[in-house]
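J.: Below: one structure in structure tokens.
The values are calculated or read from the model by the stated rules, or taken from the named source; none is laboratory data. All of these numbers come straight from a predicted model, not from anything done at the bench. Neighbour counts run over all protein chains shown; Cβ positions are idealised from the backbone, glycine included. For the accessible areas, the whole protein counts, side chains as well, though only heavy atoms, and no ligand, DNA or RNA atoms are used. Shrake-Rupley method; radii C 1.70, N 1.55, O 1.52, S 1.80 Å.
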Amino acid sequence: TMQGARQLMKVYVTRRIPQEGLKVLTEAGVCKVSMWDSDEPVPRAELLKGVSGAHGLLCLLSDRIDTEVLDAAGPSLKVISTLSVGFDHIAINEIKKRGVRLGYTPDVLTDATAELTVALLLATARRLPEGVQEVKSGGWSTWKPLWLCGYGLSGSTVGVIGLGRIGLAIARRLKPFGVKRLLYSGRSAKPQAAEVEGEHVPLDTLVTESDFVVVSCSLTSDTQGLCDKAFFSKMKSNAVFINTSRGTVVNQEDLYEALSSGQIAAAGLDVTTPEPLPTDHPLLTLKNCVILPHIGSATYSTRGIMAALSANNLLAGVMGTAMPSELIL
Ligand code: NDP
Ligand code: DGY
């Protein structure tokens, strides 16, 4: 048949992905899918072998996509589709040079990630994990006026570093808690900040004046290590630091120092360096540090939608048609 005669495109998927994504790939009938069918990351050697001769690669943020992977794929590769909005794991210049297209998943995970950021902020500021632990361990003896007190959002100043899609969605959710001032920093002032009465300020002002510092920028050479000793030393001693962007935006040794010395009140992290964070990491010994395993976008629905979008990006890339979400390089 005509169908049978048509050459199937070869795509490689680096992990077991939600059904919604697999369904898109199989029902299209245009590609031969090979998948690393596991919840654990594909070993590097397997990835290099699997991608060889592929027209499309569907990857995760835990896969480092560099020259070695691109060379292993060879000239057949037309598209890389990542199951994430962040693309700091991909050698952008290399794929641009080779004319490979890039698909990603903006917008569809904005609400889930903003919601998780608010949950982490409240959990950290109001010391929820500590409280839960005290109940379980018998540390709860009676109601005590001075026990397990934390910080509230009402009347506070919140600083958002990176008022992008997720940063704005975080600001929208925090405002109704009675936030008095909403500051943000970034390369440019955003017209959409008006909606949250956001003030575009220099980073120094944000760090110095905020009661809550929330990091929601992308990881770039400018933001790598942005939150270091100098940064934490400018924060108020009652301030709470939250990071849901990427781990390497933070210097973790400096954060440990700031938290253990009382330089800042508490920190909540959804992202760390490395991931997973080793269980003997010093940050895990601190009561005023709440660490989550990179679950910002982890709702069933969002992950299903991300999988379908990344599959549709992949298909469009191998077919040479318009992608639903292409990152223009
Ligand atoms: P956007 O591109 O919409 O937002 C990124 C923002 O970062 C931009 O507004 C940009 O603002 C800002 N930015 C870049 N450089 C700087 C800088 N030097 N200082 C301050 N701000 C800066 O992306 P999203 O909001 O969709 O996603 C943001 C990031 O969140 C992703 O890149 C990813 O790393 C992370 N993420 C984490 C998740 C999790 O599970 N924890 C889930 C989803 C995303 P400007 O251009 O004005 O500088
Ligand atoms: C992303 O998409 O970049 C997140 O880190 C995971 O959803």
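J.: Once phi is turned into θ = phi - 60°, what whole-Hz ³J(HN,Hα) does the Karplus curve with 6.51, -1.76 and 1.60 give for every residue of region 55-67, x standing for Gly and Pro?
T.: For region 55-67, the Karplus-derived couplings read 8, x, 10, 9, 10, 10, 5, 8, 9, 7, 9, 10, 3 Hz, x marking Gly and Pro.
J.: R0 = 25 Å: FRET efficiency of residue 132 with residue 180, Cβ-based, nearest 0.05?
T.: 0.25
J.: Order 180-193, 37-50 from most to least packed using the mean count of other Cβ atoms within 10 Å. If you can, show how the numbers build up before the last one.
T.: Details: 180-193: 16.1, 37-50: 13.6.
Packing proxy ranking, top to bottom: 180-193, 37-50.
J.: Using a 1.4 Å probe, what is the accessible area per residue for region 49-107, in Å²?
T.: Ligands and nucleic acids excluded, the figure is 39 Å² per residue.
J.: For the charge dipole of the chain, defined by +1 on Lys and Arg C-beta atoms and -1 on Asp and Glu C-beta atoms about the Cα centroid, which residue among 72, 178, 55 has the Cα displaced farthest towards the positive pole?
T.: 55
J.: In addition: Given the DSSP H assignment, sum -39500 (n - 2.57) over each helix run of at least 4 residues in the chain and divide by its residue total; what's the result at 222 nm in deg cm²/dmol, nearest 500?
T.: -9500 deg cm²/dmol
J.: Local charge sum around residue 129 (other residues, Cβ-Cβ under 12 Å, Lys/Arg +1, Asp/Glu -1)? Each step should come with its number before you reach the end.
T.: Values: positive: 126, 127, 136, 287; negative: 130, 134.
Taking every Cβ under 12 Å from that of residue 129, the sum is +2.
J.: Apply the Karplus parameterisation 6.51 cos²θ - 1.76 cosθ + 1.60, with θ equal to phi minus 60°, to every residue of region 112-118 and state each ³J(HN,Hα) to the nearest whole Hz, in sequence, with x for glycine and proline.
T.: 4, 6, 5, 4, 5, 5, 5
J.: Straight-line reach only, C-alpha to C-alpha below 24 angstrom: list the lysines that residue 144 could link to, leaving out same-chain residues fewer than 8 apart.
T.: Qualifying lysines at Cα under 24 Å: 136, 287.
J.: Under a cut-off of 27 Å between alpha-carbon atoms, report the lysines in cross-link reach of residue 180, not counting same-chain residues fewer than 8 places apart.
T.: Filter leaves 190, 234, 236.
J.: Assigning unit charges at the beta carbon (Lys, Arg +1; Asp, Glu -1) and nothing else, what dipole magnitude in debye, to the nearest 20, does the chain show about its Cα centre? Don't jump to the answer; show the numbers that get you there.
T.: Working: 32 positive and 32 negative charges, 117 e Å.
Once rounded to the nearest 20, the dipole reads 560 debye.
J.: In what sequence, highest mean first, do 237-250, 115-128, 316-329, 196-209 appear when ranked by Cβ atoms within 10 angstrom?
T.: Numbers: 237-250: 23.0, 115-128: 20.9, 316-329: 15.6, 196-209: 17.3.
Highest to lowest by the protection proxy: 237-250, 115-128, 196-209, 316-329.
J.: Quick one: among 286, 174, 309, which has the greatest mean-square fluctuation in a GNM of the chain with alpha-carbon springs under 10 angstrom?
T.: 286
J.: Any idea how far the Cα center of region 219-255 sits from the one of region 137-178, in Å?
T.: 18 Å
J.: So, with a 1.4 angstrom probe, what is the percent of accessible area on the chain that is carbon and sulfur?
T.: Exposed carbon and sulfur together represent 56 percent of the surface.
J.: At 0.36 nm per residue, and after removing the present C-alpha to C-alpha distance, how many nm does the segment from residue 300 to residue 93 gain when stretched out fully? Don't skip to the end; give the middle numbers.
T.: Details: separation 207, 0.36 × 207 = 74.52 nm, distance 3.32 nm.
That works out to 71.2 nm of additional length.
J.: So, one more: Give me the number: length gained by fully extending residue 257 to residue 28, i.e. 0.36 nm times residue separation minus the C-alpha to C-alpha distance, one decimal in nm. The partial results should precede the final answer.
T.: Working: separation 229, 0.36 × 229 = 82.44 nm, distance 5.30 nm.
That pair, residue 257 and residue 28, stretches by 77.1 nm at full extension.
J.: Could you give the length gained on full extension between residue 6 and residue 194, defined as 0.36 nm per residue of separation minus the Cα-Cα distance, in nm?
T.: 62.4 nm
J.: Please list 3J(HN,Hα) in residue order for region 205-215, calculated via the Karplus relation 6.51 cos²θ - 1.76 cosθ + 1.60 where θ = phi - 60°; whole Hz, with x for glycine and proline.
T.: Per residue, the Karplus-derived 3J(HN,Hα) values read 4, 4, 5, 6, 9, 7, 8, 10, 10, 10, 9 Hz.
J.: While we're here: Suppose R0 equals 41 Å; then what is the FRET efficiency for residue 46 and residue 146 from their Cβ-Cβ distance, rounded to the nearest 0.05?
T.: Result of the calculation: an efficiency of 0.15.
J.: Around residue 37, under 14 Å between beta carbons, what's the net of Lys plus Arg minus Asp minus Glu among the other residues?
T.: Counting the neighbours of residue 37, the net charge comes to -1.
J.: Using the beta-carbon distance between residue 287 and residue 329 and R0 = 41 Å, what value does 1/(1 + (r/R0)^6) give for FRET efficiency, to the nearest 0.05?
T.: Efficiency at R0 = 41 Å is approximately 0.40.
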